[in-house]
Amino acid sequence: MKKIQTEYLAALRAEMAKEGINTVIVSGTDPHQSENPPAHWRDREWLTGFWSANGTNGTAVVTPEKALCWTDSRYFIQATEQLRGTGFEMMAEDGPEAVNIVDWVTEHTPAGAIVAIDGTTFSISQAQNLQQELEDNGIKLRTDFFPFDIINPERPSTPKNKLFVHDEAIVGESVDSKIARILMQVKAELANAVMLSSLDDIAWATNVRTAGDILFSPMYVSYLFLSDSSRVLFVDSDKLTPEVSAHLAKYNLEVRPYESVFDFVAALPKETRLLIDPAKTSRTMYDRLGCTPVFGGAGIAKLKSVKNEQMLRSLDRAMEKDGVALTRFFMMVEKEAPSGKLTELGLTRTLREERLKDPDCVDESFAAIVGWNAHGAIVHYEATEESDVAVQGDGLLLVDSGGQYTCGTTDITRTIALGTPSPEMIHDFTLVMKGHIALARAIFPAGTTGHQLDALARQFLWAEGKAYYHGTGHGVGFFINCHEGPQSIRLNYVPTPLEPSMITSDEPGLYFEGRYGIRCENIIETVPTMTTEFGQFLKFRVATLFPFDLRLFETSIMTDEEIAWVNDYHAMVRERLTPLLTPAQAAWMEEKTRPLTR
């Protein structure tokens, strides 16, 4: 595998030399800025060997002398291991050793030289930032370098999976209603048309899904143009079924070939003021526009992030289904662990099987992360035949998983003890949970952003000189993306405030390389709590239904309020799940949710 990577690198450098290119930047995404792109666009993963079924955040830079791959702290350990022997070196995108990729490229490219990108896989914002920095230093940017069809003869085709209609009785809103709200937002931003490039926006707007275009996300490869007089969905016609064609016709959605979108935007009249999101629209799309672009569109993503009442009630059903599947899974883990026959890969497969027993579960929402001890410290670890280890002895098992149910998307992490956990493990778990609880219990004024709440989850770790560098919370889609914007809870500033009916995760963690990792994650809904003379205040409602491991709490460092939160949460879990469980499962749940005491 490593030798193959060096051959790929040599082939790319040969194409660079042929085209007179000094530096190539290869993104890790597709024309829609997807977090987990279809196989056709996984060029950076193919080139570097840094890969995951969930997708891996990373950008490669290749010069005649250097081959580097930037990624964030979630993947430092994984990238270091996977890049070894490939000719690529891992570079930190965040954390104390972070190196800015644009600064590096500028400093290591001579004036007058050419830096090349595939403009279809770089957003307008990314490309403009890069171009400005390069031009300031006398370096040229080329946006039409497409080498992978040449150097990768086995490059997969674009996906051709069939579409299906997402039941509007579950969704709670028609396509006409959604398009009307989108166009109101378009006009509010002084535009008269919009081109949606983000696949989650399109799936939400059309109430259409598929299975297979993107692993673990039921979105489909497409573009969507909307104006008062025109609705055009750019999607390959062989993906349509009679049901989907009838659904699209009902809402006057014209279908055109996916690849025709660039000719379409080139032919738009100059007076068309086309709203495009510069963070989600490709540079190639921008370069082809024949009309007047209007940058914006964040308000459309926000429409999707605020769930309606029907969605929220449907999501509660998904959480109950997920809690039942997790009960079966963790009962099995607890029973079989002493045998020494469990493995990470085996557990990953079993967990998938347990979820898919429910007919409403279409897929997992991402490839499950099942890490035993040292592997739990790899934030986005994915067990493979090569990395798989037996789950035996004493330690911590970290399980981060979720399901794509037609009634909602779930995402949950539990860290449990097997055998006898060490005092250090118990102490660290409790620190993480203290942060988790502090965020879950937060009350805050309307207009507060996730950035302003993030330190609540980190404070107890920081007090002991410990830290994690990934975000504390991400938005969660409704039978779309597990990771959804625009809101998030993280250290860096995100301008979108948390609003009622937004769904977000609460997942602080702590990781010791080579030893163990801890993460505790629930899904939380933002809800109103009170209105005072100082305005409207909000809080969180926990939606996830599964207990935390009582053996891992160090109650001597917990407050009475924290212990009460755990007990109240566990009482809710027991009340909601017990009617859905067998007598044996209900007895197990009773034990796992017994009151936590000092």
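The values are calculated or read from the model by the stated rules, or taken from the named source; none is laboratory data. This structure is a prediction, so every number in the text was calculated from the model and none was measured. Here Cβ is always computed from backbone atoms with ideal geometry, including for glycine, and neighbour counts include all displayed protein chains. Remember, those area values only see protein heavy atoms, side chains included, never the ligands or the DNA or RNA. Shrake-Rupley method; radii C 1.70, N 1.55, O 1.52, S 1.80 Å.
Scanning region 524-538 for residues that are surrounded by fewer than 20 Cβ atoms within 10 Å (Cβ to Cβ) and touching a helix residue (DSSP H, G or I) at 6+ places or on another chain (Cβ under 9 Å) gives a single hit, 525.
The number of residues in region 88-112 being surrounded by fewer than 17 Cβ atoms within 10 Å (Cβ to Cβ), of a type in the set (A, V, I, L, M) and under 16 Å from residue 16 (Cα atoms) comes to 0. A single entry from 521, 513, 484 fulfils the requirement of being over 23 Å from residue 302 (Cβ atoms), crowded, with 16+ Cβ neighbours inside 10 Å and not polar (S, T, N, Q): 521.
Restricting attention to region 114-122, does a residue exist that is open to solvent by 40 Å² or more (accessible area, probe 1.4 Å), at pLDDT 95 or above and closer than 30 Å to residue 22 by Cβ? Checked region 114-122: at least one residue is open to solvent by 40 Å² or more (accessible area, probe 1.4 Å), at pLDDT 95 or above and closer than 30 Å to residue 22 by Cβ. The residues on offer are 127, 79, 98, 113, and the sole one that is closer than 30 Å to residue 262 by Cα, under 23 Å from the mean Cα position of the chain (by Cα) and aliphatic (A, V, I, L, M) is 127. Set side by side, the residues 14, 39 differ, and just one is at pLDDT below 95 and among the aliphatic types (A, V, I, L, M), which is 39. When residue 452 is tested against (1) open to solvent by less than 40 Å² (accessible area, probe 1.4 Å); (2) at negative phi, only condition (1) is not met. Scan region 475-527 for residues that are within 14 Å of the chain's Cα centre (by Cα) and of a type in the set (Gly, Ala, Ser) and jot them down. 475, 477, 485, 488, 505, listed by residue number.
Condition first: modelled with pLDDT of 95 or more and open to solvent by less than 10 Å² (accessible area, probe 1.4 Å). Can you find one or more residues in region 75-87 that meet it?
From region 75-87, those modelled with pLDDT of 95 or more are none; that's our starting set.
Taking every residue of region 75-87 in turn, none turns out to be modelled with pLDDT of 95 or more and open to solvent by less than 10 Å² (accessible area, probe 1.4 Å).
The set of residues in region 367-389 being within 23 Å of the chain's Cα centre (by Cα) and modelled with pLDDT of 95 or more consists of 368, 369, 370, 371, 372, 375, 376, 377. Take the conditions (1) open to solvent by 50 Å² or more (accessible area, probe 1.4 Å); (2) without any contact (Cβ under 8 Å) to a residue 24 or more places away in the chain; (3) within 25 Å of residue 416 (Cα to Cα); (4) not charged (D, E, K, R); residue 556 misses just one of them, which is (2).
Taken over region 442-462, the criterion of being among the aromatic types (Phe, Trp, Tyr), in contact with a Leu (Cβ under 7 Å, 6 or more places away or on another chain) and assigned to a helix (DSSP H, G or I) is satisfied by 460 alone. Out of 96, 64, 38, one residue alone is under 24 Å from residue 157 (Cα atoms) and of a type outside the set (A, V, I, L, M). It is 38. Could you run through region 39-63 and say how many residues are assigned to a loop (DSSP other than H, G, I, E, B) and either in contact (Cβ under 8 Å) with a residue 60 or more places away in the chain or open to solvent by less than 30 Å² (accessible area, probe 1.4 Å) (or both)? Final tally of qualifying residues: 10. Look at (1) open to solvent by 40 Å² or more (accessible area, probe 1.4 Å); (2) closer than 26 Å to residue 331 by Cα and you find that residue 585 fails only one, number (1). Against the numbered list (1) touching an Asp or Glu at 6+ places or on another chain (Cβ under 9 Å); (2) within 25 Å of residue 121 (Cβ to Cβ); (3) aromatic (Phe, Trp, Tyr), residue 251 comes up short only at (2).
The residues of region 293-317 that are touching a Leu at 6+ places or on another chain (Cβ under 8 Å), open to solvent by less than 40 Å² (accessible area, probe 1.4 Å) and either farther than 26 Å from residue 360 by Cα or hydrophobic (A, V, I, L, M, F, W, C) (or both), listed by number, are 294, 296, 297, 300. Taking the criterion of being among the hydroxyl-bearing types (Ser, Thr, Tyr) and in contact with a Ser or Thr (Cβ under 7 Å, 6 or more places away or on another chain), the residues of region 8-54 that qualify are 23, 27, 29, 48. Taken over region 401-416, residues that are within 21 Å of residue 342 (Cα to Cα) and open to solvent by 10 Å² or more (accessible area, probe 1.4 Å) amount to 1. In the set 416, 437, which member is part of a strand (DSSP E or B) and at pLDDT 95 or above? Of the residues listed, the single one that is part of a strand (DSSP E or B) and at pLDDT 95 or above is 416. If only residues of region 559-582 that are under 31 Å from the mean Cα position of the chain (by Cα), acidic (Asp, Glu) and open to solvent by 70 Å² or more (accessible area, probe 1.4 Å) are counted, the one that is nearest to residue 327 (Cα to Cα) is 575. From the list 541, 551, 594, the one residue that fits, being farther than 18 Å from residue 524 by Cβ, surrounded by fewer than 19 Cβ atoms within 10 Å (Cβ to Cβ) and within 31 Å of the chain's Cα centre (by Cα), is 551.
Only strands (runs of 3 or more DSSP E) whose full extent lies in region 213-325 are considered here, and the ones with at least 1 residues that are among the small types (Gly, Ala, Ser) and at pLDDT 95 or above are 223-227.
With respect to the conditions (1) free of Cβ contacts under 8 Å to residues at least 40 places away in the same chain; (2) buried (at least 16 other Cβ atoms within 10 Å of the Cβ); (3) under 24 Å from residue 32 (Cβ atoms), residue 133 lacks only one, and its number is (3).
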